[in-house]
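The values are calculated or read from the model by the stated rules, or taken from the named source; none is laboratory data. As the structure is a prediction and not an experimental result, all values here were calculated from the model. Heads up, the Cβs are rebuilt from the backbone with ideal geometry, glycines too, and the neighbour counts pull from every protein chain shown. Surface accessibility is based on the protein's heavy atoms, side chains included, excluding ligands, DNA and RNA. Shrake-Rupley method; radii C 1.70, N 1.55, O 1.52, S 1.80 Å.
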Amino acid sequence: MPDALSRRVPPWLIWAALAGLAAALSVGPILDGLSGDALDRAFLFYSVLPRGVVALLAGAALGLSGALLQQALDNPLAEPSTLGVFAGAQLALGAAAAFAPGLGALG
């Protein structure tokens, strides 16, 4: 009789199930927007869908940059703080907040 450890669920299956659940939960508002009036469709096409597309593209770009950084450094634990990229971004944000607080309204 096989024990519980030999019947483990592969991690990719868990991630696929979570991605499917997220997609299923986000389809409801999209379908509601398509079946609504003109204002609902405008809100869908000019607010919800562009934000979703940009979020997917930004997430894919961040994942790709992390994978490339790990390959370039040959270090599976590499992250932006490894090269000081994170600290440089924090310095730029701090300097902008201290010396140009009016730029905050543009963000």
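Can you tell me which residue within the range 25-59, out of those that are acidic (Asp, Glu) and open to solvent by less than 100 Å² (accessible area, probe 1.4 Å), is nearest to the chain's Cα centre (by Cα)? Outline the logic, then answer.
Restricting attention to the range 25-59, the residues satisfying the condition of being acidic (Asp, Glu) are 32, 37, 40.
Now drop any that are not open to solvent by less than 100 Å² (accessible area, probe 1.4 Å), which leaves 37, 40.
Values: Asp37: 30, Asp40: 25 Å.
For the range 25-59, the residue satisfying everything is Asp40.
Does Leu13 count as out of contact with any helix residue (DSSP H, G or I) (no Cβ under 7 Å at 6 or more places or on another chain) and part of a helix (DSSP H, G or I)? If you could, list the steps in order and put the result at the bottom.
On the way: out of contact with any helix residue (DSSP H, G or I) (no Cβ under 7 Å at 6 or more places or on another chain): yes; part of a helix (DSSP H, G or I): yes.
So Leu13 fits the description; yes.
Would a scan of the range 60-71 turn up a residue that is exposed (fewer than 10 other Cβ atoms within 10 Å of the Cβ) and either at pLDDT 85 or above or acidic (Asp, Glu) (or both)? First the steps, then the outcome.
First, pick out the residues of the range 60-71 that are exposed (fewer than 10 other Cβ atoms within 10 Å of the Cβ): none.
There is no residue in the range 60-71 that is exposed (fewer than 10 other Cβ atoms within 10 Å of the Cβ) and either at pLDDT 85 or above or acidic (Asp, Glu) (or both).
Looking only at residues in the range 89-107 that are modelled with pLDDT under 85 and touching a helix residue (DSSP H, G or I) at 6+ places or on another chain (Cβ under 9 Å), which one is surrounded by the most Cβ atoms within 10 Å (Cβ to Cβ)?
Ala89
Output the residues belonging to the range 48-107 that are touching a Pro at 6+ places or on another chain (Cβ under 6 Å) and touching a residue at least 12 places away in the same chain (Cβ under 8 Å). If you could, list the steps in order and put the result at the bottom.
Going residue by residue through the range 48-107, those that are touching a Pro at 6+ places or on another chain (Cβ under 6 Å) are 70, 86.
The answer is none; no residue qualifies.
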